[in-house]
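Chemist: A single structure is presented below for examination.
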Amino acid sequence: MASPSTWSRVIRELVLRKNRIRIYPAKPKVGIRASAPGQIWHLDQTILRFGDGTKAFVPCIIDNYSRYVLAWKVSRDYGGARTKELIERALAKARSLRLEVKPNVLVDSGCANINEKVDILVDSRSISMTIAPKRYRTE
């Protein structure tokens, strides 16, 4: 009979430790980082399902650098018009905070984000838009 502390001491003294080589590389710990406020915005939408079967859509725009919520809205439906309105509200909020930059808005490939109404903002050069690749999304 040997106690666990005795086994630990013998393993330490005889250097019987197993080589700990990772089979798979470590996942990156740091994601996309902005170097200044207003440089990168994230646009995402949460769907809340209630017990009576109704849904509420909560789109939100967050600044990557400061994690500040620039705009959000609760509504019963979603679409390009709502997304365009939300981006315009976020741009107005950024101007009120004295941020004079053209943000890069990161979105997923949902129909509320990629449509002709949102393309008007991109074409007017108010924003630039980046569609997240599938490997970064959690669907």
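Chemist: Taking amide H positions as placed 1.01 Å from N in the peptide plane, with prolines and chain starts having none, which residues 5 or more places from Ala71, or on another chain, fall under 5 Å of its amide H?
Modeler: For Ala71, the qualifying residues are Ile61.
Chemist: Let me ask something additional. Just to be sure I understand the model, the point goes 7 Å from the Cα along the line to the Cβ. What's the resulting Glu88 to Asp44 distance in nm?
Modeler: It is 2.7 nm.
Chemist: Between helix 4-14 and the chain, what is the angle of the helix's C-alpha long axis to the longest principal axis, kept within 0 to 90° and rounded to the nearest 10?
Modeler: The angle comes out at about 80 degrees.
Chemist: Work out, step by step, the length gained on full extension between Ala34 and Thr130: first 0.36 nm times the residue separation, then minus their alpha carbon distance; give nm to one decimal.
Modeler: Computed gain between Ala34 and Thr130 is 33.2 nm.
Chemist: In what sequence do Trp72, Trp7, Trp41 fall when counting other Cβ within 10 Å, fewest first?
Modeler: Trp7, Trp72, Trp41
Chemist: With respect to the cross-link table entries Lys27/Lys93; Lys29/Lys117; Lys29/Lys55; Lys27/Lys134; Lys84/Lys134, which display a Cα-Cα separation exceeding 27 Å?
Modeler: Exceeds cut-off: Lys27/Lys93; Lys29/Lys117; Lys29/Lys55.
Chemist: Shifting gears a bit: Using alpha carbons only, how many degrees (0 to 90, rounded to 10) separate the axis of helix 80-96 from the longest principal axis of the chain?
Modeler: 80
Chemist: With only alpha-carbon atoms counted, please give the Rg and Dmax of the chain, in Å.
Modeler: Radius of gyration, then largest Cα-Cα span, for the chain: 23.8, 78 Å.
Chemist: I'd like the FRET efficiency for Met1 and Arg22, computed as 1/(1 + (r/R0)^6) with the beta carbon distance as r and R0 of 35 Å, rounded to 0.05.
Modeler: 0.50
No value in this document is a laboratory result; all are computed from the given coordinates. Worth saying up front: this structure is predicted, and the values here are computed from it rather than measured. Here Cβ is always computed from backbone atoms with ideal geometry, including for glycine, and neighbour counts include all displayed protein chains.
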